[in-house]
Amino acid sequence: MGNNSLPTRRKILTGMAAVGAAATLPDVSRFAHAGSHSAPIKIGFQVHRTGIGAAYGRWYERTTNAAVGVINDAGGINGRPIEIIAEDDGTDPKRGAEVLEKFANQHGCDVAYGALFSHVVIGSAPRAAELKLPNFIVSEGHHVASGMLNRYTLQPGITDVKSQVQAMAPWVASNLGKKVTMIFPDFAFGHNHRDFFSDAIEAQGGQVVAKIAIPPTETSFTKYFPQIPRETEVIYHVMVGPSVLTFVKEMGEFFGPSAPQIFGFVDSLEAVDFASPGLEFLEGSHFWEGMPRYAQPDQTEFDKFYREKVGVDENGAAVDDPKDVSTYGHMFGCWETLFTIKDGMEACDYKGPADRSKLIEAVEAITDMPESREHPQGAKLFNGKTHQVFGPQYISQVEGGKMVVKHTTSLEDGFYPDEVDYTTQSF
């Protein structure tokens, strides 16, 4: 990993067993000793409330509010409550940069947090560096770890695409097939999949026989399916946005019962009910999941705690509306990132914006993230040089309209050589 220092890592919530009890206490009692030292820590939340990322944004917001509730009910950060200041970036790169400007200059935020879609991350990151505003993104693009961005941009809560596909390609090649047609969105996130999966499957003796890029604004997909070569053994799909249900239904109508093996990233069906009409043909197909949507028979106490706090049932839907399906495969990154911000702030005794560089250095010093209530998706390793976290990946199969985990990758499966050392860059 190229990260040789192993400093002691401060526990995020001291006495986590007490959190459940603490959660019943009202916030105000925790911060009654009003004064400058108990002024809130302001986290600017760059949220995709509108635009192509809106389904994700809604659940990123619910997860954020749940995590902040847990942290504040247990005493906040260094005795100070977190205040979330949310701004909609419209899933738009230009607005993303403008939102960061508002956080720094209008709201006086300590850090920025929450961007997901890769084109928005890329459009926002340069402004974060100019503003000297730490920007904790919850994306999956390889842009952070590639060295494309800057020291002010960190991805400590969710693994990147390069690691995901490298970890899973051996299983796909061994169990589904080696001749793959890829269908992906035609922007940076999709290009990551195209490039890194192509490399990873070739390393397994496989081949990508076709790469079909779909414009993000496309609403009908039937015209693309004839481009899939006959020798295709596996269709790899990773579509995103409001038209994904149409995409999957049309793929089913095109192939009928004679489809090749299908391996999808759950991005193609995040926030979509597997019981939706037209999805029956996915029965038996496989998906990557960042965190299993359906509670598994070996569910951990940490997943149980997290589901309860976020308000998600065992099927991955909102407790108060079973038709409101979560983006469970991604939104854990918000929860885990907020606890990592807390961890870093406590480690450097963060007082305010003058300590921003100390905060970044403190997060860079984090290595092991044990599986816990703070990290319910699984144990992770953070690489401070590349600002990227590595975690387990899950391959699930659709059985009876639900996803059942069939394979869990190890951390080592997703490791790759460092491509940057941000710690050598000045602040």
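Here are some notes:
- Cβ-Cβ distances below 9 Å connect the following pairs, each with a first residue in region 62-77 that is at negative phi and among the charged types (D, E, K, R), a second residue that is modelled with pLDDT of 95 or more and open to solvent by 20 Å² or more (accessible area, probe 1.4 Å), and a separation of six or more residues or different chains: Arg62/Gly311.
- Of the listed requirements (1) open to solvent by 10 Å² or more (accessible area, probe 1.4 Å); (2) not in a helix (DSSP H, G or I), Ser357 misses just one: (2).
- Candidates Ala203, Ala173, Ala169 - the one that is under 23 Å from Glu412 (Cα atoms), of a type outside the set (Phe, Trp, Tyr) and exposed (fewer than 15 other Cβ atoms within 10 Å of the Cβ): Ala203
- Where strands (runs of 3 or more DSSP E) fall wholly inside region 384-427, the ranges with 1 or more residues that are in contact (Cβ under 8 Å) with a residue 24 or more places away in the chain and surrounded by fewer than 21 Cβ atoms within 10 Å (Cβ to Cβ) are 394-399, 402-408.
- Of the residues contained in region 327-346, none is found to be modelled with pLDDT of 95 or more, surrounded by fewer than 16 Cβ atoms within 10 Å (Cβ to Cβ) and on the phi < 0 side of the Ramachandran plot.
- Which numbered condition Leu176 misses (of (1) in contact with a Phe, Trp or Tyr (Cβ under 7 Å, 6 or more places away or on another chain); (2) farther than 23 Å from Glu253 by Cβ; (3) modelled with pLDDT of 95 or more): (2)
- Residue that is touching an Asp or Glu at 6+ places or on another chain (Cβ under 7 Å), of a type outside the set (Ser, Thr, Tyr) and on the phi < 0 side of the Ramachandran plot, where the choices are Gly190, Gly141, Gly147: Gly141
- Scan of region 286-295 for residues that are open to solvent by less than 30 Å² (accessible area, probe 1.4 Å) and out of contact with any Gly (no Cβ under 7 Å at 6 or more places or on another chain), ordered by number: His286, Trp288, Pro292
- Residue selected from region 140-150 under the condition open to solvent by 10 Å² or more (accessible area, probe 1.4 Å) and of a type in the set (A, V, I, L, M), by the criterion farthest from Arg62 (Cα to Cα): Met148
- Some residue of region 203-223 being within 17 Å of the chain's Cα centre (by Cα) and outside any loop (DSSP other than H, G, I, E, B): no
- Within region 385-414, the set of residues being among the hydroxyl-bearing types (Ser, Thr, Tyr) and either at pLDDT below 95 or under 19 Å from Leu154 (Cβ atoms) (or both) comprises Thr386 only.
- Filter result for Asn72 (closer than 16 Å to Met345 by Cα and at pLDDT 95 or above): yes
- For Gly190, the conditions (1) within 21 Å of Glu412 (Cα to Cα); (2) in a helix (DSSP H, G or I); (3) at pLDDT below 95 are fulfilled apart from (1).
- Only a single criterion out of (1) open to solvent by 10 Å² or more (accessible area, probe 1.4 Å); (2) farther than 14 Å from Ile43 by Cα; (3) part of a helix (DSSP H, G or I); (4) out of contact with any helix residue (DSSP H, G or I) (no Cβ under 6 Å at 6 or more places or on another chain) is not satisfied by Lys102, namely (2).
- Residue list for region 224-238, filter: of a type outside the set (S, T, N, Q) and either part of a helix (DSSP H, G or I) or out of contact with any strand residue (DSSP E or B) (no Cβ under 6 Å at 6 or more places or on another chain) (or both): Tyr224, Phe225, Pro226, Arg230
- All positions within region 349-402 that are aromatic (Phe, Trp, Tyr) and more than 19 Å from the chain's Cα centre (by Cα): Tyr350
- Strands (runs of 3 or more DSSP E) enclosed by region 252-350 - at least 2 residues per element that are polar (S, T, N, Q), without any contact (Cβ under 8 Å) to a residue 24 or more places away in the chain and in contact with a helix residue (DSSP H, G or I) (Cβ under 7 Å, 6 or more places away or on another chain): none
- Ala200 vs. criteria farther than 26 Å from Pro226 by Cβ, in contact with a Gly (Cβ under 8 Å, 6 or more places away or on another chain) and not in a loop (DSSP other than H, G, I, E, B): no
- Single residue of region 111-139 satisfying the filter (open to solvent by 10 Å² or more (accessible area, probe 1.4 Å) and under 23 Å from Thr423 (Cα atoms)) that is nearest to the chain's Cα centre (by Cα): Ile122
- Scanning region 42-61 for residues that are open to solvent by 20 Å² or more (accessible area, probe 1.4 Å), in contact with a strand residue (DSSP E or B) (Cβ under 8 Å, 6 or more places away or on another chain) and part of a helix (DSSP H, G or I) yields a total of 1.
- Candidates are the residues of region 151-163 that are touching a strand residue (DSSP E or B) at 6+ places or on another chain (Cβ under 9 Å) and within 15 Å of Val111 (Cβ to Cβ); the one that is surrounded by the most Cβ atoms within 10 Å (Cβ to Cβ) is Leu154.
The values are calculated or read from the model by the stated rules, or taken from the named source; none is laboratory data. Owing to the predicted nature of the structure, the values given are computational and were not obtained by experimental measurement. Methodologically, a virtual Cβ is constructed for each residue, glycine included, from the backbone with ideal geometry; neighbour enumeration extends over all protein chains shown. Calculation scope for accessible area: heavy atoms of the full protein, side chains included, ligands and nucleic acids excluded. Shrake-Rupley method; radii C 1.70, N 1.55, O 1.52, S 1.80 Å.
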